[in-house]
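The values are calculated or read from the model by the stated rules, or taken from the named source; none is laboratory data. Model, not experiment: these values are computed from the prediction. Please note: Cβ atoms are built from the backbone with ideal geometry, for glycine as well, and neighbour counts cover all protein chains shown.
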Amino acid sequence: MLTLDLATGRVRIKEILGGRGFVRRLADMGLAPGQVVEVISKGPPVIVKIRDTKIAIGRGIARKVVVEYAE
Amino acid sequence: MQNKVYLVAQPNSGKTTLFNLLAHENCYVANWPGKTVEVFQAKIVHHGKEILLVDLPGINSFKALGKEESLTKEFLLKEEEGVAVVLINGESLYRSFYFAIQVLEMKSKAVLVINKSDYLEKRGIHINLETLKEKLGVEVVQISALHGTGINRLMDRILDVLEGRVKGKGLRIDYGILEPYIAKVEELLGSRSLAVRAIEGEEVFARLSEDKRIAVEEIKKEIENKFVNPEEIIAMYRHRFVESLLNSAVKEVKVSEEAIERKLDKIFFGRFGPVFSIAILFGILFLAFTINTGFPMNIIARFAGYDTIAEFLGKYSLSGIISLFFETISGMLDGILPDVWLKSLFINGILAGIGAVATFFPLILVLNFLMSLIEDSGVMARIATSMDRFFSLFGLTGKTVFPFTVSLACNVPGVMASRILETDGERIRVALASPFVICQARLLVIVLFVVFLLTSPALQSGIVILIYLLSATLFLAATKIYGKAVKEESSELLLELPPYHFPSLRVVWWITWERSKSFIYKIAGFILAFSILAWLMDYFGITNVIGTFIAKMFSPFGLDDPRLGFAILMGFFAKELVISSLAVSFGTSDLSEISAQLALNAPQAIALIVFIAFYTPCVATISAMHSEVRSYKLLAMSVVFQLLIAYILASVTFILSSIILTAA
């Protein structure tokens, strides 16, 4: 299982492991299943770019974001 | 009036800004015909033509069913009614266009307005208006409602559409496999846009005859049987349309700003990012320190031989000016008022309290202002990110660096700055641990004690360094311990990194004021109450009792002078008072004289300095903590913990230094 803290390049979010409040907090930042993000810096913290926005994500959170490589 | 213009947009597109700009305060509230909902309207004149401008409620989606949203929908369904001015939010093009094409499908008499062109320019995003015009079949104008650019052109285009000089051909999106069905429904309803709406499952046929309605329902069932939900198919084609539209009409040029952003980010997120961040924070701290008390700039100036500058900095620093002001007033009142207890309450209780509030407030303003500068410019988010790796070792996020840094200047705004932290748990942990950070007021007391009580320069600097190391360790350890109390032992960073830009003074001032005013509303009252309490305790002789008790606590170290106990008690109200209270009880302001009378040996002096550095800082900080934490239990825990730690540390350093110094 590939998680965001280990990924590089362009990845698609498959799943977010966590309670509803946690998933909601991430969704408010645009991090939701189906979204494609680009990992800019592996950090930690991981820095990703989603559409026009850059977001810094702590390692603990990045570990709970399951991703797959986007073609 | 026939010339009606309707503003249609999603929330946050700048619709209200645009409306106010166009309305020139000619706006009034009117009832929507047949509804109880009120809308803003304005009569405006452009090139001699009267226009009625209607501000429709902002809607996020066409699925919304609220009373206000239904107005917007009702307007859209009346094809011939007025001109639609559809706003695109430049900050979120994709979402805005997805919304706008649905409006344009229904309204061919429309002008598309791309707002926030200032933002687009800054990001180097170029939009080809001709391509959009060609693909969407309407006039397109780019504006900045905030800066008022492009407004005249917009009004000209609106007039063109109103007077029929420009005829929009209407937007027709190809729905592929659904086209045959759309054609069938269109035949029944007489309108393509209504047909698409009907297949999407919207109640567009309120006025249709019974048999037509059944016919439409049957076509929908047919689609559902053959494919999936028609709504999903329609959404898919719309997404495709927006994607290809943006691909052909929007270009993000890497402007120099982008290059600068990449370079700066490379520094912040590289190996030396934390060093760079700390350098910025220290620069700010240096500035705040100097503005506040003149220190350390005055020392540097003196060192460089500019004595007049040094003196000026010391005398005309914020705290210098304010304390001079209050000393003058209380001196004047002292001479005028009759000598009764009320006068003493007024001067030493109330006026002293107001004076304390007045000394804190400018410092808080200055620190909040400097912090807002780096916050609004996008630098703060980078510093937080670069410091995150270090702080995550202690279950904190990199954002903690801000309350920590501010606390180095003054704990009160430091505690208040904990508000920027994301989760309640982290906020409380940091707020409660802040008093362990040595503030500037304490630093000055420590420096004076170190200079007058210790003789060896090596010992002097060694103690100051030791205190700062202990301070950082205690702060981090305390956040861990308080984490157990609030059941959140670690927090994680999740932070948007906005593009860098020069801070706008208006925004910075707005943030500064927003943060600082809560000091007046929530904390000032507490400080005043404590000041009156201190006066009462003094008046009824309670302070002496407590002072003697404190001195007893220190008798194991041989520090049993009640005047010292009294000074420590006063330091609870404000650390600076330790010095002035010693001066009063020894009858001299000459510190070398006082230290000669105290006749402390090195271990005693070290224990005293360590205790003064770490015991509960001041009532203002406690008041600030109360306003952030809102729990007397946690507050009491924090105060007791600080007293305990200070006492234990004093004992340990006393014993250790006794052993080391006798050995040496």
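Observations on the model:
- Unique residue being touching a helix residue (DSSP H, G or I) at 6+ places or on another chain (Cβ under 7 Å) and touching a residue at least 40 places away in the same chain (Cβ under 8 Å) when the list is B:Ser531, B:Ser585: B:Ser531
- In summary, A:Val11 fulfils each of the numbered conditions (1) at pLDDT below 85; (2) under 13 Å from A:Val65 (Cα atoms); (3) not small (Gly, Ala, Ser) with the single exception of condition (1).
- Residue in the stretch B:355-381 that is farthest from B:Phe282 (Cα to Cα), counting only those that are over 16 Å from the mean Cα position of the chain (by Cα) and of a type in the set (Gly, Ala, Ser): B:Gly355
- Among residues of the stretch B:37-53, those that are assigned to a strand (DSSP E or B), more than 16 Å from B:Arg153 (Cα to Cα) and out of contact with any Cys (no Cβ under 6 Å at 6 or more places or on another chain), counted: 7
- Output for the stretch B:382-407, where each listed residue is hydrophobic (A, V, I, L, M, F, W, C), surrounded by fewer than 24 Cβ atoms within 10 Å (Cβ to Cβ) and either outside any helix (DSSP H, G or I) or over 18 Å from the mean Cα position of the chain (by Cα) (or both): B:Phe390, B:Phe391, B:Leu393, B:Phe394
- Checked against (1) assigned to a helix (DSSP H, G or I); (2) closer than 24 Å to B:Asn292 by Cα; (3) not small (Gly, Ala, Ser), B:Lys480 passes all but condition (2).
- In the stretch A:32-71, the qualifying residues are those that are at the interface with chain B (Cβ under 9 Å from one of its Cβ atoms) and at pLDDT below 80, and the one that is farthest from B:Lys399 (Cα to Cα) is A:Arg51.
- Sole residue being in a helix (DSSP H, G or I), touching a residue at least 24 places away in the same chain (Cβ under 8 Å), of a type outside the set (Lys, Arg) and over 22 Å from B:Ala534 (Cα atoms), chosen from B:Gly335, B:Gly314, B:Gly320: B:Gly320
- Candidates B:Leu52, B:Leu112, B:Leu71, B:Leu104, filtered to the one that is modelled with pLDDT under 85 and hydrophobic (A, V, I, L, M, F, W, C): B:Leu71
- Scanning the stretch B:263-277 for residues that are away from chain A (no Cβ under 14 Å) and touching a residue at least 12 places away in the same chain (Cβ under 8 Å) yields one hit, B:Phe276.
- Among the candidates B:Lys522, B:Lys517, the residue that is on the phi < 0 side of the Ramachandran plot, among the charged types (D, E, K, R) and out of contact with any helix residue (DSSP H, G or I) (no Cβ under 9 Å at 6 or more places or on another chain) is uniquely B:Lys517.
- Taking the stretch B:418-431 as the range and being surrounded by 21 or more Cβ atoms within 10 Å (Cβ to Cβ) and either within 13 Å of another protein chain (Cβ to nearest Cβ) or modelled with pLDDT under 90 (or both) as the test, the residues that pass are B:Leu421, B:Glu426.
Okay, residues lined up against (1) within 9 Å of the chain's Cα centre (by Cα); (2) within 13 Å of A:Ala7 (Cβ to Cβ); (3) free of Cβ contacts under 8 Å to residues at least 24 places away in the same chain:
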| residue | (1), (2), (3) |
| --- | --- |
| A:Gly34 | no, no, yes |
| A:Ser41 | no, yes, yes |
| A:Arg51 | no, no, yes |
| A:Arg59 | no, yes, no |
| A:Val65 | yes, yes, no |
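- Any hit, the stretch B:118-127, residues being crowded, with 19+ Cβ neighbours inside 10 Å, hydrophobic (A, V, I, L, M, F, W, C) and assigned to a helix (DSSP H, G or I): yes
- Some residue of the stretch B:116-125 being in contact with a strand residue (DSSP E or B) (Cβ under 7 Å, 6 or more places away or on another chain), closer than 30 Å to B:Pro499 by Cα and acidic (Asp, Glu): yes
- Look at (1) buried (at least 20 other Cβ atoms within 10 Å of the Cβ); (2) under 28 Å from B:Ile364 (Cα atoms) and you find that B:Leu643 fails only one, number (1).
- Between B:Thr328, B:Thr308, the distinction of being closer than 22 Å to B:Ile527 by Cβ, in a helix (DSSP H, G or I) and β-branched (Val, Ile, Thr) belongs to B:Thr328 only.
- Test: residue in the stretch B:290-303 that is touching a helix residue (DSSP H, G or I) at 6+ places or on another chain (Cβ under 6 Å) and modelled with pLDDT of 80 or more: yes
- Of all the residues in the stretch B:415-435, those that are over 17 Å from B:Met371 (Cα atoms) and among the β-branched types (Val, Ile, Thr) number 3.
- For the stretch B:605-657, a residue qualifies if it is at pLDDT 90 or above and polar (S, T, N, Q), and the qualifying residues are B:Thr621, B:Ser638, B:Gln642, B:Ser651, B:Thr653.
- Candidate set from the stretch B:482-496 (those that are more than 16 Å from the chain's Cα centre (by Cα) and loosely packed, with under 15 Cβ neighbours inside 10 Å); member that is modelled with the highest pLDDT: B:Lys484
- The residue that is nearest to B:Glu139 (Cα to Cα), among those in the stretch B:79-108 that are out of contact with any Phe, Trp or Tyr (no Cβ under 7 Å at 6 or more places or on another chain) and within 14 Å of chain A (Cβ to nearest Cβ), is B:Phe97.
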